[in-house]
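Here is the structure we will look at, set down as structure tokens.
The values are calculated or read from the model by the stated rules, or taken from the named source; none is laboratory data. None of these values were measured; they are calculated from a predicted model. Cβ atoms come from the backbone with ideal geometry, glycine included; neighbour counts cover every protein chain shown. Remember, those area values only see protein heavy atoms, side chains included, never the ligands or the DNA or RNA. Shrake-Rupley method; radii C 1.70, N 1.55, O 1.52, S 1.80 Å.
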Amino acid sequence: MYNQQCAVCHGAGGNGKGPRGPEIAGRLWSWARSEGPGIFTDPNYMVQRNPSELTNAILDGYGMMPSYRGKLTTEQMNGLVDYIYTFFYKHPPIQ
Ligand code: HEC
């Protein structure tokens, strides 16, 4: 689902480097610093967001991102929000 609908902008790795990323990077995202709202690999942004805020951004649309209200089931929405968190969360190395 993410790869089909979201990766075009957000990138398959959540880093904002999807095919449409350059349009956005010119205006909003800083690839050099890998940061900005919608760059899910940026821990500084992600720790400031809670799941409801991310869900609302997807439902209502956010800046250059379209609204997905009515286009996704609750289950799909929850799955996407959970998935987004996996981009900045990394397991520590096992010693
Ligand atoms: C047309 C490009 C585009 C597509 C497609 C897109 N997004 Fe976004 N998304 C953005 C941009 C750009 C932002 C940042 C908007 C801003 O700050 O103005 C954003 C922001 C977000 C945010 C808020 C992040 C934050 O820091 O609060 C979430 C969550 C999100 N997108 C999830 C998704 C999901 C899930 C999908 C697929 C269902 C998706 N996006 C599809 C461009 C896109």
Ratio of Rg to Rh over the chain (Cα coordinates, Kirkwood Rh, two decimals): 0.96
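Which order, highest average first, do 3-15, 60-72 follow once you tally other Cβ atoms within 10 Å for each residue and take the mean per peptide? Mind dumping the intermediate values first?
On the way: 3-15: 16.5, 60-72: 12.8.
Highest to lowest by the protection proxy: 3-15, 60-72.
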Starting from the Cα of SER52, step 7 Å toward the Cβ, then list every residue of region 60-76 with an amide N under 16 Å from that point. 60
Skipping prolines and chain starts, which residues have an amide H placed within reach, meaning under 5 Å, of the one on GLU35, given they are 5 or more residues away or on another chain? SER30
Whole-percent tail of the Cα-Cα distance distribution for region 31-76, cut at 12 Å, equals 66
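In Å², and per residue, what accessible area does the chain have when probed at 1.4 Å with the other protein chains present?
Details: 6250 Å² over 95 residues.
Ligands and nucleic acids excluded, the figure is 66 Å² per residue.
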Mean separation of Cα contacts under 8 Å (at least 6 apart) over the residue count of region 2-85, i.e. the relative contact order in percent, is 19
Convert each backbone phi in region 79-94 into a coupling constant with the Karplus relation 6.51 cos²θ - 1.76 cosθ + 1.60 (shift: θ = phi - 60°), then list the ³J(HN,Hα) values in order as whole Hz, x for Gly and Pro. x, 5, 5, 4, 5, 4, 5, 5, 6, 9, 7, 10, 5, x, x, 7
